[in-house]
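Some notes on the structure that comes next.
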Amino acid sequence: MSDLRRFLPFVSLAVALFGFFLGLDLLGSSFKLMGKGVAATLIETTANPFVGLFIGILATSLVQSSSTVTSLTVSVVAGGGLTVAGAIPIVMGANIGTSVTNTIVSLGHVTRKDEFRRAMAGATVHDFFNLLTVLIIFPLELLFGVLSRPAALLSTGFSDIGGTNLLSPVNAVVKPVAKWVIELMQSNGTLVLLVGLVLLFVALRFLVINLKSISLGKSEALIHKYLFGSAPAALLFGTIVTVMVQSSSITTSVIVPLVGAGIVSVAQIFPFVLGANIGTTITALLAALALSGSGDVAGVAALQVALAHLFFNAYGVGIFMPFKPLREVPIRMALWLGDLVVKNRIYALLYLLIVFFIVPIFVIVLTS
């Protein structure tokens with residue numbers, strides 16, 4: 001009986017995690033049902049690099065998946081509907097847009113002040129890192145081609161490798177259930193969104209409770225020692241997990257409850273987030289390798305875009321990780337926002353709407 005009680009928290013944690021992943025999947029699926037056509041249209045109609053950046057943000061915010069947007073962008077390039085110069089800013093914007101999911105997850109802590117402060121900071125450190133990286137790399141790409149030139153050199157050598165599919169264990173378990181729920185909701189995006197949000201926030205609460213109970217003692221020591229004990233370990237962990245699940249939204253979102261529960265700090269998860277950014281490039285890269293297998297010009301261009309995405313995230317790691325003063329900038333910005341939103345909860349909603357929807361829509365409409 002004592003052995004059974006010992007394992008009950010872990011069983012409960014597994015159930016909460018399944019509910020959390022299912023809620024995330026339904027959330028993403030609902031946005032895809034409502035906005036994937038819009039996202040595809042946006043990607044296919046841009047020629048201005050500056051506008052492309054904001055199209056990447058908006059399109060990814062609509063479909064809740066940078067992997068989807070970057071893979072779609074790669075496919076459009078391979079089909080000749082978009083140039084490399086037009087596509088690279090879109091994948092930069094996709095990096096910013098993908099962190100919208102983290103912010104939505106952090107809202108699940110809104111009724112608990114201290115948890116909400118930590119969770120919002122843990123979620124938005126990803127936002128600020130991506131925003132700052134874009135501010136540095138975007139003008140350098142326009143002026144000197146720091147992404148497109150090395151990507152062009154490598155793309156010719158790798159174009160005949162061919163792609164392969166990775167099996168995501170999370171998708172293998174969650175996707176069939178999510179598909180059944182979506183069919184039950186008759187593919188109604190609004191209903192799927194509501195079910196996803198309710199499931200996400202309920203699972204999030206149980207997840208925090210279980211994490212707090214399990215993390216006491218040896219489990220917490222293991223988390224600090226092996227997963228987040230050093231920056232290189234956390235970076236590698238974030239990369240490997242994201243490659244396995246093929247979604248940075250999942251890996252970075254599941255870290256938010258850990259921060260909210262006070263188990264790990266924003267500074268500890270920062271390298272993990274950077275690793276997740278690198279890991280998420282695998283989906284578009286595999287798609288591009290498959291598309292470039294024939295060796296035609298459009299296929300090689302698609303591979304160039306996917307490699308540019310990889311370089312973009314690698315540059316971000318190279319800029320921020322080695323230098324402590326730079327590394328602390330996005331962390332301090334996230335902690336400041338966490339302090340701000342607990343003063344007035346409306347700031348969190350305004351941040352979410354302004355950064356991921358209002359500003360991109362305004363720029364796109366204004367320039368069109």
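The values are calculated or read from the model by the stated rules, or taken from the named source; none is laboratory data. It should be emphasised that the depicted structure is a prediction, and the values quoted were computed from it without experimental measurement. Cβ coordinates were reconstructed from backbone atoms using ideal geometry, including for glycine residues, and neighbour counts include every protein chain displayed. When the accessible area is computed, the model is the full protein with side chains, heavy atoms only, and any ligands, DNA or RNA have been set aside. Shrake-Rupley method; radii C 1.70, N 1.55, O 1.52, S 1.80 Å.
Highest mean first, the peptides 122-131, 280-289 sorted by other C-beta atoms within 10 Å per residue fall in the order 122-131, 280-289.
Of the peptides 195-201, 82-88, 320-326, the ranking by mean beta-carbon count within 10 Å, highest at the top, reads 82-88, 195-201, 320-326.
Take each of the peptides 267-279, 10-22, average the number of other beta-carbon atoms within 10 Å over its residues, and list them starting from the highest.
Working: 267-279: 25.5, 10-22: 17.3.
The peptides rank, most packed first, as 267-279, 10-22.
Compute the label zone of Val329 within segment 121-150: residues whose backbone N is under 17 Å from the point 7 Å along Cα-to-Cβ. Zone members listed by number: 125-141. Averaged over its residues, segment 324-368 has an accessible area of 63 Å² per residue, based on protein heavy atoms and a 1.4 Å probe.
Rounded if a/c is under 1.5, else prolate if a/b beats b/c, else oblate: with a ≥ b ≥ c from the C-alpha gyration tensor eigenvalues square-rooted, which is segment 222-368? Intermediate results must be reported in sequence, preceding the final value.
Working: a/c = 2.15, a/b = 1.26, b/c = 1.71.
Since a/c reaches 1.5 but b/c is at least a/b, the shape of segment 222-368 is classed as oblate.
Rounded to 0.05, the FRET efficiency of the Lys175 and Ile358 pair, given R0 = 30 Å and the Cβ-Cβ distance, is 0.40. Couplings 3J(HN,Hα) of segment 191-205, computed from phi: 5, 4, 4, 5, 5, x, 5, 4, 4, 4, 6, 5, 4, 4, 5 Hz, in residue order, whole Hz [Karplus 6.51 cos²θ - 1.76 cosθ + 1.60, θ = phi - 60°; x for Gly and Pro]. Annotation for Arg149 and Leu350: the two label points, set 7 Å from Cα along the Cα-Cβ direction, are 4.3 nm apart.
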